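Worksheet for the structure shown next.
The values are calculated or read from the model by the stated rules, or taken from the named source; none is laboratory data. Nothing here was measured: the structure is a model prediction, and the numbers come from that model. Heads up, the Cβs are rebuilt from the backbone with ideal geometry, glycines too, and the neighbour counts pull from every protein chain shown. Accessible surface areas use protein heavy atoms only, side chains included; no ligands, DNA or RNA. Shrake-Rupley method; radii C 1.70, N 1.55, O 1.52, S 1.80 Å.
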Amino acid sequence: MNILEKINNNMSNFTVGERLVAEYAIQYPVDVVRYSAEALAEHCNTSRSNVVRLCKKLGYTGFSEFKYEMNRYMNTPHAITKKHLNEEEGDSLSAFRKYLNCFSQLETLYNSSQLKQIAEIILRSKRIIILGHYHSFFSAQQLEFRLNRCRIDAHAINDLSTTEAFGEMLTQEDTVIIFSISGGKVYHDSVCTFRKRGVKVILISMTENSPISRYTDIKVILPCITRLYDESVLDDAPTFYFFIELLIEEINHQILAKNDVSDNS
């Protein structure tokens, strides 16, 4: 019996909080491998203690052993799901083609009204704060770097206390951009504060019905490659980076268009 079958067979023995972890682990096993117990609990909208209790009910000494077993399962050939693949492609589908397939799903964003709207908001903003937690902070830093290269002042933050401090400073002239694969509740209180102060909030996520999405002005949902193919060796960061390049291109296009108008007036 593999680990996912073990979770399924014990579903009736779990509490409500433990079941949230169990269902998430079955749907997104790669996240179990990638995250700490605290981060996994956050993504499941439950507590760390529920994560640990589930592990022990399954016969593991704790989360570390549970994570190790999930990683072992994910790296066995039978664990790779053939979602979105043709039968003839099978296991030989390269990482290049997997990312290519993932990026192709962003085609609807290219020249979209949503991308234009985000670019317009950024160009109108007095201050731009970019948030990212754990791995997503690298994407926040990348957008900060690319905006700075466009001579747009922006700051990436991953510290929650600093984020809370900005919640008392930002106004309706400012914009907050959040990178979060799950759109987790870690930013819930800050986002509520931003909304009360009229700050524009843009969420870049890979989860459709995320906990904070209803409090945002714009929500962009990107494809999640680790969920498309259930592989721990792939990384979702390139998808965020690809989106950033689409956004930067649109921003540059609007800057050039504005300069042309100024030159002709």
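Tally the residues that are farther than 15 Å from Phe240 by Cα and within 20 Å of the chain's Cα centre (by Cα), restricting the search to region 129-163. Write out each step before concluding.
Initial filter on region 129-163 (farther than 15 Å from Phe240 by Cα): 129, 148-155, 157-163.
From what's left, within 20 Å of the chain's Cα centre (by Cα): 129, 154-155, 157-160, 163.
Adding up the residues that qualify gives 8.
Within region 128-151, count every residue that is surrounded by 21 or more Cβ atoms within 10 Å (Cβ to Cβ), of a type outside the set (Ser, Thr, Tyr) and touching a helix residue (DSSP H, G or I) at 6+ places or on another chain (Cβ under 8 Å). Let's see the steps before the verdict.
Our first condition is that a residue be surrounded by 21 or more Cβ atoms within 10 Å (Cβ to Cβ); within region 128-151, this holds for 128-133, 136, 139-140, 143-144, 147.
So of that shortlist, the ones also of a type outside the set (Ser, Thr, Tyr) come out as 128-133, 140, 143-144, 147.
Within this subset, residues satisfying the condition of being touching a helix residue (DSSP H, G or I) at 6+ places or on another chain (Cβ under 8 Å) are 128-133, 143, 147.
So the answer is 8.
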Inter-residue pairs, beta-carbon under 8 Å, first closer than 14 Å to Ile177 by Cβ and in region 233-249, second crowded, with 16+ Cβ neighbours inside 10 Å and aromatic (Phe, Trp, Tyr), 6+ apart: Phe240/Phe179
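Could you tell me whether any residue of region 152-161 is in a helix (DSSP H, G or I) and surrounded by fewer than 16 Cβ atoms within 10 Å (Cβ to Cβ)? Steps first, answer last, please.
Filtering region 152-161 down to residues in a helix (DSSP H, G or I) leaves 160-161.
With the extra rule that they be surrounded by fewer than 16 Cβ atoms within 10 Å (Cβ to Cβ), the set shrinks to 160-161.
Among the residues of region 152-161, at least one is in a helix (DSSP H, G or I) and surrounded by fewer than 16 Cβ atoms within 10 Å (Cβ to Cβ), which makes the answer yes.
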Residues of region 64-101 that turn out to be open to solvent by 50 Å² or more (accessible area, probe 1.4 Å), under 24 Å from the mean Cα position of the chain (by Cα), within 28 Å of Met1 (Cβ to Cβ) and at pLDDT 50 or above, as a count: 5
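Show me the helices (runs of 4 or more DSSP H) found entirely inside region 171-265 where at least 3 residues are surrounded by fewer than 20 Cβ atoms within 10 Å (Cβ to Cβ) and modelled with pLDDT of 90 or more.
Details: elements: 188-196, 225-229, 237-264.
Helices (runs of 4 or more DSSP H) meeting the threshold: 188-196, 237-264.
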Top-ranked residue of region 114-128 - restricted to ones that are over 21 Å from the mean Cα position of the chain (by Cα) and not in a helix (DSSP H, G or I), ranked as farthest from Val201 (Cα to Cα): Lys126
